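Here is the structure we will look at.
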Amino acid sequence: IVSGAAAVIRPDGAILLMRRSDSHRWSMPAGGMEVGETPAAAVVRETVEETGVQCRPVALVGVYDSMVWGNQHPSHEYKFTFLCAPCDDEGAIPNTAKHGNEAQAVAWFDEPHLPPDIHGDHAVRIQDAYRVWYGDLRAYFDA
């Protein structure tokens, strides 16, 4: 399985997170890729579907192998994570009620004030996204 997540970070350093309906924990917008879709296009689509926020990919943060990072599914998954920028600097969050049932809430968090209840390996990937946002453009991969 191939999936992707968008680490959408505003110019002021706040990251977009959503409270997932399944685990009730906070995560980056993420989901599976559709056949014929590029990883970057998938994370943009998932971000709009789950949060209503329009974004654009800036850099590849990394490719994470679920077998290395605590696979909780019966399938083997490769997770692409992209640093993204909101299409408008403020990253206005529209009314999320009309954006499906995957997100209970959507909010921006400053790096020092991230919520403690982060879903799965998203905490590591968020940390890596900030590393890239600060200028270290080396993509993570399981070597």
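Things worth noting here:
- Within region 69-93, the residues that satisfy the criterion of being part of a loop (DSSP other than H, G, I, E, B) and among the polar types (S, T, N, Q) are 71, 72, 75.
- Note on region 1-37: residues that are among the polar types (S, T, N, Q) and modelled with pLDDT of 95 or more total 1.
- Filter result (surrounded by fewer than 18 Cβ atoms within 10 Å (Cβ to Cβ), part of a helix (DSSP H, G or I) and touching a Phe, Trp or Tyr at 6+ places or on another chain (Cβ under 9 Å)) within region 98-139: 111, 124, 131
- In summary, strands (runs of 3 or more DSSP E) completely within region 7-68 and bearing 3 or more residues that are surrounded by fewer than 20 Cβ atoms within 10 Å (Cβ to Cβ) and over 10 Å from the mean Cα position of the chain (by Cα) occur at 55-65.
The values are calculated or read from the model by the stated rules, or taken from the named source; none is laboratory data. Everything numeric here is computed off the predicted structure, so don't read it as measured data. Because the Cβ atoms are built from the backbone with ideal geometry, glycine has one as well, and the counts that use them run over all protein chains shown.
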